[in-house]
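Structure first, commentary second.
The values are calculated or read from the model by the stated rules, or taken from the named source; none is laboratory data. This structure is a prediction, so every number in the text was calculated from the model and none was measured. With ideal geometry, Cβ positions are generated from the backbone for all residues, glycine too; neighbour counts draw on all protein chains shown.
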Amino acid sequence: PLVKKKEDNPDGVPEGDLNEILENVKKDRVTFLESFHKNFYNYGLLSQSVSQAQLNYDWSIASNASPIATLKCAESWANTDFRPELQNVTVPTLIVHGDDDKVVPIATAGDQAAKGIPNSEYHIIEGAPHGLNVTHAEELNQILLHFLRS
């Protein structure tokens, strides 16, 4: 709901870090995307959680996006506060977050969303990075199937 660290969001990402992301997108977007996708999967931190082919595939998709759209998306991601809107979600909502997400801290995303969306169902996948749909696909699929059946 809000990524940026603020007085009322102490677990957020510091503004300087977000500005660095924006500058890297402006300066050398394709190289930024290469490192971003490694962070997306926690690749190389303790293990190689996905194949190089997966990283290449993700990079090929992202690098073909409009440079302006990539920058605007990053700006929006960094600066938009969706917290006031959460209470307006009235449909059954599943929230799944990895507890080892290096891209979006769990406290500023999953925890806030679960707290702010009435009657949401929240699952935390242990050891999962941001790209948990790839690294923890089986566990995620079981959570999705259970939610859809309920």
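Checking each residue in region 87-108 for being more than 22 Å from residue 49 (Cα to Cα) and modelled with pLDDT of 95 or more picks out 87, 88, 89, 90, 91, 92, 93, 94, 95.
Scan region 18-56 for residues that are surrounded by 14 or more Cβ atoms within 10 Å (Cβ to Cβ), part of a helix (DSSP H, G or I) and not basic (Lys, Arg) and the total you get is 14. Checked against (1) in contact with a Ser or Thr (Cβ under 6 Å, 6 or more places away or on another chain); (2) closer than 24 Å to residue 132 by Cβ, residue 32 meets all criteria but (1). For region 103-150, a residue qualifies if it is charged (D, E, K, R), over 19 Å from residue 11 (Cα atoms) and surrounded by 13 or more Cβ atoms within 10 Å (Cβ to Cβ), and the qualifying residues are 121, 139. Checked against (1) free of Cβ contacts under 8 Å to residues at least 12 places away in the same chain; (2) closer than 26 Å to residue 9 by Cα; (3) hydrophobic (A, V, I, L, M, F, W, C), residue 68 passes all but a single condition, namely (2).
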